[in-house]
Amino acid sequence: TWTTTNVVDEQIALIREQVGSSRAICGLSGGVDSAVAAALVQKAIGSQLTCVYVDHGLMRKGETEQVEKDFVAATGVELKVVDAADRFLAALAGVSDPEQKRKIIGREFIRVFEQAQAEIVAEAPGDQPVEFLVQGTLYPDVVESGGGTGTANIKSHHNVGGLPEDLEFRLVEPLRKLFKDEVRMVGQELGLPEEIVQRQPFPGPGLGIRIVGEVTKERLDLLREADAIAREELTAAGLDRDIWQCPVVLLADVRSVGVQGDGRTYGHPIVLRPVSSEDAMTADWSRLPYEVLAKISTRITNEVADVNRVVLDVTSKPPGTIEWE
Ligand code: XMP
């Protein structure tokens, strides 16, 4: 029978058997999945695990600080933070195709993990090798990425279809058979705090797949501002638990005419994509209160330079996906 206690016990035994006396690193993203995977593996192999948080410059406002604070406080895990923003931006320069972006981001993650691996070994030489990479891959990630066949059914999740072919790590993926709600229950069972367990999903490739068009530093800064406003207002309205997540998307290659004060503007639209869902395999658009939408729209167009229009995505999944790329 399926109980979280059984899942935890079974996975701990499997992880111990798989890793043995070797060492592992786990990429933390700030999201539920990687946090639960890390907590599970830490419970299984303790100090043989080092967590690595890659700041790829595609995170939302305040997110990096939050991971450093919340997760370490909750688990006491060994955390290595790598600032890799320049490297990701350089790799993404000139790229607009969604699948190509996903593959580049997936590859760069691995390259940074390899570097972290070398550093960990250098810091503690005579020790066991770091052979394993822990990922918080879920069942839906595997399905939508084509089950690791190399061809995405829908899109290549950064930690499945986005992995480079010359991957030197052996993967530990204790959540590969679970859905999000089950992962949350496992997290609870492991004693992770509410702020982590109930956090809304955020994709590993971050804001990189929420800019339709090329990813640049300026566009990221703009989107970060708009996203922070939307999240602030949704939280203030007490809607965090009612919606599954609300991607905020910048249509970077689209411009429309507007008017502000007594002058013409020619700016970009921001898309709000609030959805409700059980497992992200299907979703419906959330019927948010008009006042909340109005507040978000007014604030974004007033406070974010170069944005002169806010639009609402009213598409379910299918036919739309939750993210735009
Ligand atoms: P889609 O856009 O496929 O998204 O309807 C389904 C859920 O998955 C999240 N998502 C990702 N999560 N790596 C992740 O960790 C990814 O590459 C990725 N792509 C999408 C998305 O935010 C939604 O919750």
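The values are calculated or read from the model by the stated rules, or taken from the named source; none is laboratory data. For clarity, every value in this text was computed on a predicted model and none was experimentally measured. Positions of Cβ are generated from backbone atoms using ideal geometry, with glycine treated the same way; all protein chains shown enter the neighbour counts.
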Residue list for region 61-90, restricted to those being more than 16 Å from the chain's Cα centre (by Cα), in a helix (DSSP H, G or I) and more than 23 Å from residue 225 (Cα to Cα): 72, 73, 74, 75
Positions within region 157-171 being within 16 Å of the ligand (Cβ to nearest atom) and at pLDDT 95 or above, in sequence order: 171
Region 37-79: number of residues that are touching a residue at least 40 places away in the same chain (Cβ under 8 Å) and within 23 Å of residue 16 (Cβ to Cβ): 14
Test: residue in region 199-213 that is more than 18 Å from the chain's Cα centre (by Cα) and more than 16 Å from the ligand (Cβ to nearest atom): yes
Single residue of region 244-265 satisfying the filter (of a type in the set (Val, Ile, Thr) and more than 17 Å from the chain's Cα centre (by Cα)) that is farthest from the ligand (Cβ to nearest atom): 259
Selection from region 214-223 of residues that are farther than 13 Å from residue 61 by Cβ and either under 17 Å from the mean Cα position of the chain (by Cα) or at pLDDT below 95 (or both): 215
Checking residue 235 against (1) at pLDDT 95 or above; (2) more than 17 Å from residue 62 (Cα to Cα), the condition it does not meet: (2)
Subset of region 299-325 (residues that are of a type in the set (D, E, K, R) and more than 16 Å from the ligand (Cβ to nearest atom)): 299, 303, 306, 309
Given (1) within 20 Å of the chain's Cα centre (by Cα); (2) farther than 26 Å from residue 227 by Cα; (3) not in a helix (DSSP H, G or I), index of the condition residue 38 fails: (3)
Candidates 230, 226, filtered to the one that is closer than 15 Å to residue 61 by Cα, surrounded by 18 or more Cβ atoms within 10 Å (Cβ to Cβ) and within 16 Å of the ligand (Cβ to nearest atom): 230
Residue within region 138-151 that is within 24 Å of residue 53 (Cβ to Cβ) and touching a strand residue (DSSP E or B) at 6+ places or on another chain (Cβ under 7 Å) present: no
Pick from region 48-60, criterion on the phi < 0 side of the Ramachandran plot and in a loop (DSSP other than H, G, I, E, B), ranking: surrounded by the fewest Cβ atoms within 10 Å (Cβ to Cβ): 60
Where residue 296 falls short, out of the listed (1) surrounded by fewer than 18 Cβ atoms within 10 Å (Cβ to Cβ); (2) more than 16 Å from the ligand (Cβ to nearest atom): (1)
Flag for residue 221 being away from the ligand (no atom under 16 Å from the Cβ), in contact with a Ser or Thr (Cβ under 8 Å, 6 or more places away or on another chain) and closer than 27 Å to residue 158 by Cβ: no
Residue identified as touching a strand residue (DSSP E or B) at 6+ places or on another chain (Cβ under 7 Å) and of a type outside the set (A, V, I, L, M, F, W, C) among 123, 99, 131: 131
So residue 196, is it modelled with pLDDT under 95, surrounded by 15 or more Cβ atoms within 10 Å (Cβ to Cβ) and under 17 Å from residue 62 (Cβ atoms): yes
Per-region count, region 266-293, residues within 16 Å of the ligand (Cβ to nearest atom) and loosely packed, with under 13 Cβ neighbours inside 10 Å: 2
